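The values are calculated or read from the model by the stated rules, or taken from the named source; none is laboratory data. Everything numeric in this text was worked out from a predicted model, so none of it was measured. Reconstructed Cβ throughout: ideal geometry from the backbone, glycine too, with neighbour counts over all protein chains shown. Keep in mind that these areas ignore ligands, DNA and RNA; they rest on the heavy atoms of the full protein, side chains included. Shrake-Rupley method; radii C 1.70, N 1.55, O 1.52, S 1.80 Å.
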Protein chains: 4
Amino acid sequence: MKKNSATENDEKRVVRLLIHLKSGKKFIVKTGKDFNTNFGLIKKDDLERINTVIKSHKGEEFFITEPTFVDLLKKVKRGPQTTHFKDIGFIIAFTGLSSGWRVVELGTGSGILTAYLANIVKPNGHVYSYEIRKEFYEIAKKNLEFLGLDKYVTLKLKDCREGIDERNVDIVISDFRDPWNALDHIYNALKPGGFYIALFPNITSVYELLKHIGNYPFIIEFIGEVFYREWVFEEPALRPKNTGLVHTEFIVISRKITK
Amino acid sequence: MKKNSATENDEKRVVRLLIHLKSGKKFIVKTGKDFNTNFGLIKKDDLERINTVIKSHKGEEFFITEPTFVDLLKKVKRGPQTTHFKDIGFIIAFTGLSSGWRVVELGTGSGILTAYLANIVKPNGHVYSYEIRKEFYEIAKKNLEFLGLDKYVTLKLKDCREGIDERNVDIVISDFRDPWNALDHIYNALKPGGFYIALFPNITSVYELLKHIGNYPFIIEFIGEVFYREWVFEEPALRPKNTGLVHTEFIVISRKITK
Amino acid sequence: MKKNSATENDEKRVVRLLIHLKSGKKFIVKTGKDFNTNFGLIKKDDLERINTVIKSHKGEEFFITEPTFVDLLKKVKRGPQTTHFKDIGFIIAFTGLSSGWRVVELGTGSGILTAYLANIVKPNGHVYSYEIRKEFYEIAKKNLEFLGLDKYVTLKLKDCREGIDERNVDIVISDFRDPWNALDHIYNALKPGGFYIALFPNITSVYELLKHIGNYPFIIEFIGEVFYREWVFEEPALRPKNTGLVHTEFIVISRKITK
Amino acid sequence: MKKNSATENDEKRVVRLLIHLKSGKKFIVKTGKDFNTNFGLIKKDDLERINTVIKSHKGEEFFITEPTFVDLLKKVKRGPQTTHFKDIGFIIAFTGLSSGWRVVELGTGSGILTAYLANIVKPNGHVYSYEIRKEFYEIAKKNLEFLGLDKYVTLKLKDCREGIDERNVDIVISDFRDPWNALDHIYNALKPGGFYIALFPNITSVYELLKHIGNYPFIIEFIGEVFYREWVFEEPALRPKNTGLVHTEFIVISRKITK
């Protein structure tokens, strides 16, 4: 959804969340025309009946409401290595990241983590995000516009290993291959006591960072991983799901001191 | 930080974060007088040298800076069953909880979760928190004042099983023994599409809630648990810590629909 | 390996393990005729070259050797709810189960756990296994013969809730829906100090057993779950696999005392 | 308990397992004299009443029975880095290790893993175990005698990096710092298709082994970790224990092929 190119028609159409009651499956839909699902057709007039249960022509029930940030997020285009929300939540809660923080992100990717960060620091904070791959820069731009968060983010098509423009930021989060080659810039961008978070899929990269970061005045506060386990309830049986995610990324949390 | 008993002197004193460089141990200190640690005495003048490394009389190095929300949080009084930050982070990231949300919390306890929620929803959101135990109500009150978050929270010394005053809130979070006895009120407090999160230490309570909640128009979005595992680096060896937290609370996330 | 339908020819044919070197994929093969894989045809003469590396006609390399018990096990027919080897290993190591033990198994299923138990208690121990479903009894029978373990096992097509014939056994292991309906018989079958192990996919069944077992002179030694996490090495990157098994069965280990 | 030095008196005394019914605490006791516990004194005559419940002079109830291998194991002297039974169980179940196998162990330590291996391979198998530290060699010797397993084990006070005497063994298990310096010998000791298991507390050592083992004709079958989680039942509440072991050792399982 590019705002600039929005036609007059588009402007009047509104985004809705549809939840299929039996399966819990969710759909993001625009009002203004009929919507077709595997569970049957839903008429455009029904899409206006917000906060009610409606039926498809097959008789399947849907709940229709306004989507939240997380609902919308599930519908954006994402790359193969998107930061998982469990890891984002852990970082937020560990550091106290909140409204008003100034954030530097290194490695925008498809902008999912960027969006989460913007959603947390709004309305008074800001996210500066660096990416060197033009195609991801463009995807992230579109995603942030779709989510209505673009005003809280400055996307930069720039190699952070050659410099970070910001100073005195509260937190730097990196999610690219070799952040040890940007440690000087990361250190300079942070305020004293500020957090540097590094994300890595491989333990061998964690090891590489730890060897390098020892040369800088950073204190390591956390090295580790976050997991969750989902349970299922099929009355009367309650049990964990049999398979699940057991690895996404390792998290290293450090903090700048000033010698 | 309002404190009724604060003397004029106190008002001028400022809170600092001291990090012992060798061990990483942290201290929250007020300026204005000498501070004594196991690692030696730190002079009151040194406590003014913000964002620098200072030495105790034993020669141990400390970094001195302004504390963040999370630094301060580690120093507040807490009860035995405080919600763990990993669980709070998961809830924030799962629901998209952010600045501006209106939150109802059932079971204030010592106010740790309350403080996290306030820190996220500020400056335009608000937390309404219910507690029936007077002593916890008082502890939470003090903690929120110490953290400077009291203006974003309304503490209520009231049994939520007898009613919840708010309407159309974005999220309700319960952390007490028998929330199934408050389901009518929880349902009525929520906006359509709003989230209800229940926390329980026992799986048997999860089962009890699941049996009851089936009678209400809620959709279950998540039943499960969150974990983290910490690693330690003692060059050149990198390994997980041998022991750790393997259980805090089960999380049930549901969402209100309107029949 | 007794097989009623074995022709004279078959008798002379021998079982081999083929490991495809590049992928690690394994094949159990009989000698005596050419063998066809996705990686190309292997000639029957090559199948005689034990403990060497051979090539398919496509030039793919295979290592050929004698299969172990576990190699063979991967090729037997199994039902949907087979006990996982991680759980079997935990039970063996927790109880000290070893050569010479007398074991009662309740719920033979496809005989995988039966086979493991037989393999451990041989040559002087014995497994008595109860099953009420004729089709599983037959599958288990074939599997144990294929594995050459049938002489260490007595399969019984009998409902254990109506009685267990053995007395003074070292261990009873149950893997069926409602073992609380067989607790009298389980208790009577065990020697004093003997172990009773119950396996359940659901926590609600664990709870049910725990409520019932309190009426018998059993001591609970363990309630819990076993996990493993696999890592992958793609030089130079070392990392955990992204997805994995996070649940199979809950294990309850108790021990008989005599009032 | 050295057998050689056993006095006539000792010979007549028998080992018993005492289980304190209320707490589940276990004691290994010799008959022939009174036994004192925190729960009160137990008279020597009562220690003869095997497979019954007896009382201390304080009225506390104990169940008295013959100890199993695992009961005895809990009472032997152990070093700081003993292999955990969950890891031993996983190795047994993954490889099919069983009665009759010939095993080489590198790094005897206090002999706990040695004892488990001996207990599984008896009566016809054998364990050859290498240790370079005289004090551990002696501890292991005593432990194996106490457990009655010494006849199934050959302990060697010898550096395996300088050679392994055995040939054609079913499995080699190493638990010392730098097994990559013994890979030639490990390879030569194994039969084709035989298993080599390496245990390491650090992931950095796993990485080191993986880099070296690529130069040998081994197939990697498993790299990973094993966990268990214990639950507690305090009627009516059922929940996981709050803290637990989250790391012991990484396990690498490989298999010899012959080029």
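A few remarks follow.
- Only one of the numbered conditions (1) within 14 Å of chain B (Cβ to nearest Cβ); (2) closer than 15 Å to A:Arg78 by Cβ; (3) of a type in the set (Lys, Arg) is violated by A:Arg133, and that is (1).
- Contacts under 6 angstrom Cβ, first residue in segment A:208-237 being more than 17 Å from A:Phe94 (Cβ to Cβ), partner part of a loop (DSSP other than H, G, I, E, B), 6 or more apart: A:Pro217/A:Ile257; A:Pro217/A:Lys259; A:Arg229/C:Val246; A:Glu230/A:Lys241; A:Val232/A:Lys241; A:Ala237/C:Asn202
- Check on D:Val53, facing another protein chain (nearest Cβ under 9 Å), free of Cβ contacts under 8 Å to residues at least 60 places away in the same chain and either open to solvent by 40 Å² or more (accessible area, probe 1.4 Å) or assigned to a strand (DSSP E or B) (or both): yes
- Residues in segment D:126-145 that are open to solvent by 10 Å² or more (accessible area, probe 1.4 Å) and not acidic (Asp, Glu): D:His126, D:Tyr128, D:Ile132, D:Arg133, D:Lys134, D:Phe136, D:Tyr137, D:Ile139, D:Lys141, D:Lys142, D:Asn143.
- Per-region count, segment C:146-165, residues part of a helix (DSSP H, G or I) and either among the aliphatic types (A, V, I, L, M) or open to solvent by 50 Å² or more (accessible area, probe 1.4 Å) (or both): 4
- Top-ranked residue of segment B:58-74 - restricted to ones that are among the charged types (D, E, K, R) and within 9 Å of chain A (Cβ to nearest Cβ), ranked as most open to solvent (accessible area, probe 1.4 Å): B:Glu66
- Those residues of segment C:75-88 which are within 7 Å of another protein chain (Cβ to nearest Cβ) and under 10 Å from the mean Cα position of the chain (by Cα), in sequence order: C:Phe85, C:Ile88
- Filtering segment C:31-50 to residues that are outside any loop (DSSP other than H, G, I, E, B) and in contact with a helix residue (DSSP H, G or I) (Cβ under 8 Å, 6 or more places away or on another chain) leaves only C:Phe35.
- Scanning segment B:183-207 for residues that are closer than 22 Å to B:Ala93 by Cα and polar (S, T, N, Q) yields nothing.
- The sole residue among A:Thr95, A:Thr65 that is under 19 Å from A:Gly148 (Cα atoms) and in contact with a strand residue (DSSP E or B) (Cβ under 6 Å, 6 or more places away or on another chain) is A:Thr65.
- Against the numbered list (1) open to solvent by 10 Å² or more (accessible area, probe 1.4 Å); (2) within 29 Å of A:Val172 (Cβ to Cβ); (3) modelled with pLDDT of 90 or more; (4) not in a helix (DSSP H, G or I), A:Gln81 comes up short only at (3).
- Residue check for B:Leu97: at the interface with chain A (Cβ under 10 Å from one of its Cβ atoms), open to solvent by less than 10 Å² (accessible area, probe 1.4 Å) and either closer than 30 Å to B:Lys122 by Cα or not in a loop (DSSP other than H, G, I, E, B) (or both): yes
- In segment B:117-125, the count of residues that are surrounded by fewer than 22 Cβ atoms within 10 Å (Cβ to Cβ) and assigned to a strand (DSSP E or B) is zero.
- In segment D:101-125, the residues that are assigned by TED's automatic domain parsing to the domain that holds D:Phe200 reach residues that are open to solvent by less than 10 Å² (accessible area, probe 1.4 Å) and acidic (Asp, Glu) with C-beta atoms within less than 6 angstrom, at least six apart or across chains, in these pairs: D:Thr108/D:Glu131; D:Thr114/D:Glu105.
- Enumeration of residues in segment A:233-254 that are among the aliphatic types (A, V, I, L, M), more than 7 Å from chain C (Cβ to nearest Cβ) and either out of contact with any Leu (no Cβ under 7 Å at 6 or more places or on another chain) or within 22 Å of B:Ile219 (Cα to Cα) (or both): A:Ile253
- Failed item, numbered, when C:Val206 is tested on (1) more than 21 Å from the chain's Cα centre (by Cα); (2) facing chain D (nearest Cβ under 10 Å); (3) more than 28 Å from C:Leu245 (Cβ to Cβ): (3)
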